[in-house]
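S.K.: Below is the structure I would like to discuss, written out as structure tokens.
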Amino acid sequence: MLELQIQKRLEGAQGKFELDLQLQLNASESLALFGQSGVGKTSILRMLAGLVAPDHGRIVFDGEVWFDSDHKINLATPSRSIGMVFQNYALFPHLNVRENIAFAAGSKSTSWVNQLLELSDLSNLQTQAVQYLSGGQKQRVALARALARRPKLLLLDEPLSALDQHIRLQMQDHLQMMHRELGMSMIIVSHDIAEVFKLSQKVILIEAGKVARRGSPHQVFLQQKNQGKLHLQAQVLAIRIEEVVCVVSLLIGQEIIEIIASQEDIKGLIVGDQIAISTKAFSPQITRLR
Ligand SMILES: Nc1ncnc2c1ncn2[C@@H]1O[C@H](COP(=O)(O)OP(=O)(O)OP(=O)(O)O)[C@@H](O)[C@H]1O
């Protein structure tokens, strides 16, 4: 079990702000840190990893004190049972797939490296130079390497954001499977709500270093004031006047839709605006796409 309570003064683009966080995570649980750019998500992972020290606080994992400002304890990164995966795979370019994983595994057995290669569907690529792998394959190597020392806590900082949507979905399934098989605790930073729903049981929504909401993905993302209504965030791409109505083209995620609005509805609206569209009476029709 992870118990964390930390404070750190950060220097953001908008000035200084205090990161102040308290969290608990059970064994095998998966937590997502969600929030806008610059709110302190990566800093939290870096403090957990021992790459940067909090100003105050305490981090305890399975009864082992990793950090305690009062008692001047700050365990070095290799002494913490963590694995890390970042957006830019950070593989060793001069080593092949197997060597990248085996290097991290250190004295751990050959059969464990074989098992990781198997689980990662990389057995056939084990002698391949990593520079020739696709993005998804590189990220599978990075994940296998992070797991090679059997960490009790896996830290993932937007590990899938450099991948295209198709590979990203495959990697989410892969991560889910690895988490199920190996049972470590996991903390993932992600900007993708669908990813958070799929990969985490708990979410902490962070705003300017503080917890704005916490709970299950359902509690954090759905039980807000617009609960039960259609409520989508969109960007205005174009506004066209057609006789008495206006046609507004909107970007929602990667989809473009057109809605009809009155001149009154769009008063003051300009191209590029971020807007919310919502409706009270909404009877959705569901069509399966894949
Ligand atoms: N050691 C540090 N001391 C002071 N400020 C720092 C330190 N490390 C990072 N910061 C600042 O803290 C702010 C938050 O950075 P952080 O990378 O944690 O945010 P983030 O939420 O992960 O953002 P993004 O989603 O863009 O990665 C940034 O403005 C950064 O410059």
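The values are calculated or read from the model by the stated rules, or taken from the named source; none is laboratory data. Note that the coordinates shown come from a computational prediction; the quantities given were computed from them, not determined experimentally. Heads up, the Cβs are rebuilt from the backbone with ideal geometry, glycines too, and the neighbour counts pull from every protein chain shown. Each accessible area value is taken on the protein alone, full model and side chains, heavy atoms only, with ligands, DNA and RNA left out. Shrake-Rupley method; radii C 1.70, N 1.55, O 1.52, S 1.80 Å.
S.K.: At a 1.4 Å probe radius, carbon and sulfur cover how many percent of the accessible area of segment 2-221?
M.R.: Carbon with sulfur: 48 percent of the solvent-accessible area.
S.K.: How many angstrom lie between the C-alpha centres of segment 111-166 and segment 1-65?
M.R.: A separation of 25 Å, based on Cα centres.
S.K.: Would you be so kind as to identify which of Val271, Gln235, Val60 lies farthest towards the positive end of the dipole of the chain, taking Lys and Arg as +1 and Asp and Glu as -1 on Cβ and the Cα centre as origin?
M.R.: Going by the Cα projections, it comes out as Val60.
S.K.: Once you charge only the Cβ atoms, +1 for Lys and Arg and -1 for Asp and Glu, what is the size of the charge dipole of segment 230-279 about its Cα centre, to the nearest 20 debye?
M.R.: For this selection, approximately 120 debye.
S.K.: If you average the sequence gap of Cα pairs under 8 Å that are 6 or more apart and divide by the length of the chain, what percent do you get for the contact order?
M.R.: So the answer I get is 19 percent.
S.K.: Could you identify which residue out of Pro217, Pro78, Pro159 has the top mean-square fluctuation in a GNM of the chain using Cα springs shorter than 10 Å?
M.R.: With Cα springs under 10 Å in the chain, the top fluctuation among Pro217, Pro78, Pro159 is at Pro78.
S.K.: Given a 1.4 angstrom probe, I'd like the percentage of the accessible area of segment 230-279 that is carbon and sulfur, rounded to a whole number.
M.R.: Roughly 54 percent, rounded to a whole number.
S.K.: Next up: Rounded to whole Hz and in sequence order, give me ³J(HN,Hα) for segment 244-257 from the Karplus expression 6.51 cos²θ - 1.76 cosθ + 1.60, θ = phi - 60°, writing x for Gly and Pro.
M.R.: Per residue, the Karplus-derived 3J(HN,Hα) values read 8, 10, 10, 10, 10, 8, 10, 9, 10, x, 9, 9, 10, 10 Hz.
S.K.: I've got another one for you. What share of the DSSP beta bridges in the chain is antiparallel, in percent to the nearest 5?
M.R.: Counting DSSP beta bridges with both partners in the chain, the antiparallel share is about 75 percent.
S.K.: According to the Kirkwood expression over distinct Cα-Cα pairs, how big is the hydrodynamic radius of the chain, in Å?
M.R.: 21.5
S.K.: What residue among Ile270, Ile167, Ile101 has the largest mean-square fluctuation in a Gaussian network model of the chain, using Cα springs under 10 Å?
M.R.: Per the Cα network of the chain with a 10 Å cutoff, Ile270 tops the list.
S.K.: Please go through segment 27-79 and write out the trypsin sites (Lys or Arg not before Pro) that DSSP classes as loop and that have at most 16 other C-beta atoms within 10 Å.
M.R.: The qualifying sites are Lys72.
S.K.: Excluding same-chain residues fewer than 8 positions from Lys138, which aspartates and glutamates have a Cα within less than 14 Å of its Cα?
M.R.: Glu99, Asp121, Asp164
S.K.: Continuing with the same structure: So what is the calculated 222 nm ellipticity per residue for the chain, using -39500 (n - 2.57) for each DSSP H run with n of 4 or more, over all residues, to the nearest 500 deg cm²/dmol?
M.R.: That comes out to -7000 deg cm²/dmol.
S.K.: Mind listing the long-range amide H neighbours of Leu154? Cut-off is under 5 Å, sequence gap 5 or more, other chains count too, H placed in the peptide plane at 1.01 Å from N.
M.R.: Hits under the 5 Å cutoff: Gly83, Ser185, Met186, Ile187.
S.K.: From the phi of every residue in segment 116-129, what ³J(HN,Hα) in whole Hz does the Karplus formula 6.51 cos²θ - 1.76 cosθ + 1.60 yield, where θ is phi - 60° and glycine or proline is x?
M.R.: 5, 4, 5, 4, 8, 6, 10, 4, 6, 10, 4, 9, 6, 5
S.K.: While we're on this one: Of the options Leu51, Asn88, Ile204, report the single residue whose Cα projects farthest towards the positive end of the charge dipole of segment 2-221 (beta-carbon charges: Lys, Arg +1; Asp, Glu -1).
M.R.: Of the options given, the answer is Leu51.
S.K.: Moving on. Tell me which of Met178, Gln137, Val244 sits at the most positive position along the dipole axis of the chain, charges placed on C-beta atoms (Lys, Arg +1; Asp, Glu -1).
M.R.: Met178
S.K.: What's the extension gain from His191 to Asp62 if we count 0.36 nm per residue and subtract their Cα-Cα distance?
M.R.: Contour length minus the Cα-Cα distance gives 43.6 nm.
S.K.: Note down the magnitude of the dipole of the chain about its Cα centre, charges +1 on Lys and Arg C-beta and -1 on Asp and Glu C-beta and zero elsewhere, to the nearest 20 debye.
M.R.: The calculation lands at about 600 debye.
S.K.: What spacing in nm lies between the two simple spin-label points modelled at Ser249 and Val52, each 7 Å away from Cα in the Cβ direction?
M.R.: Inter-label distance under the simple model: 4.1 nm.
S.K.: Top mean-square fluctuation among Asp192, Asp164, Asp265, Gaussian network model of the chain, C-alpha springs under 10 Å?
M.R.: Among Asp192, Asp164, Asp265, the largest mean-square fluctuation in the Gaussian network model of the chain belongs to Asp265.
S.K.: Follow-up question, since we're still on this one. Plugging the Kirkwood radius over Cα pairs into Stokes-Einstein for segment 169-226, at a temperature of 4 °C and a viscosity of 1.567 mPa s, what D comes out in µm²/s?
M.R.: Approximately 104 µm²/s, per Stokes-Einstein.
S.K.: Find the accessible area per residue for the chain; the probe is 1.4 Å, ligands and nucleic acids are left out, and the unit is Å².
M.R.: On a per-residue basis, the chain sits at 56 Å².
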